[in-house]
Amino acid sequence: MKRLLISAGMALSALFLIGCASNSGTAAPSASVAPIVNPDPSGTVDLLDGFEEGMYWQAVAGSWNSDDCSEDISESSDWASEGSTSALFEYHAGSAEKAANGGDKATFFCDSLVITDLTEYKDIVLDVNNTTSGTIDLVVVIQDTNWAWCQSAPQTLGNGVNKNVTFSLKDMNIPDPSAVHRMCVCLFQENDGPIAVDNIRLVK
């Protein structure tokens, strides 16, 4: 599948870190809850990433911010909700003392999105297998041509498979949804990972 490759320079990385710091602590892990099990989305659904054709996501800690709790990301065949593989997000528990530099969350990002014009879409939907011993608050972030930090409301993931976890694109108020450069997944957590993510979709 053809992918649009977009490079991010040091200046853009700095803007990304400013966004992380300004949103630090927005979501905090909640008490134990049941996993999210939503019905399949209606309308036109396009696959953004099923993690079947190579890994185009990165961990922030491996790129430019060593205080971020992310460690690594790789394809895994241990679990999948679409196809035969998912993305394994590896990270360690957050640290309050490093929160100002993004050390309260694990951040993973993709600059090689197969769909970059989100104008006609209303939601992002994904599946998560939370195999940790605690709950996780997950947010999605979209950055456009000006690298504005457009963050969703958090969704609290219970233990087990969370199905069709939905984030409203309209509520994220993206200044220019026609030219998206980056998607991030941020995890606010109290326990070490990993978790598995799969079947990221866009819904019209």
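The values are calculated or read from the model by the stated rules, or taken from the named source; none is laboratory data. Worth saying up front: this structure is predicted, and the values here are computed from it rather than measured. Positions of Cβ are generated from backbone atoms using ideal geometry, with glycine treated the same way; all protein chains shown enter the neighbour counts. Note: areas computed on protein heavy atoms with side chains; ligands, DNA, RNA excluded. Shrake-Rupley method; radii C 1.70, N 1.55, O 1.52, S 1.80 Å.
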### Matching residues, the stretch 110-136, being modelled with pLDDT of 95 or more, more than 13 Å from Asp49 (Cα to Cα) and of a type outside the set (Val, Ile, Thr)
Asp117, Leu118, Glu120, Tyr121, Lys122, Asp123, Asn129, Asn130
### Summary
By residue number, the members of the stretch 161-178 that are in a loop (DSSP other than H, G, I, E, B) and of a type outside the set (A, V, I, L, M) are Asn173, Pro175, Asp176, Pro177, Ser178
### Summary
How many residues of the stretch 161-180 are in contact (Cβ under 8 Å) with a residue 60 or more places away in the chain and buried (at least 20 other Cβ atoms within 10 Å of the Cβ)? The answer is 3
### Query
If you scan the stretch 145-160, which residues turn out to be of a type outside the set (Gly, Ala, Ser), open to solvent by less than 30 Å² (accessible area, probe 1.4 Å) and either under 24 Å from Thr116 (Cβ atoms) or assigned to a loop (DSSP other than H, G, I, E, B) (or both)?
Trp147, Cys150
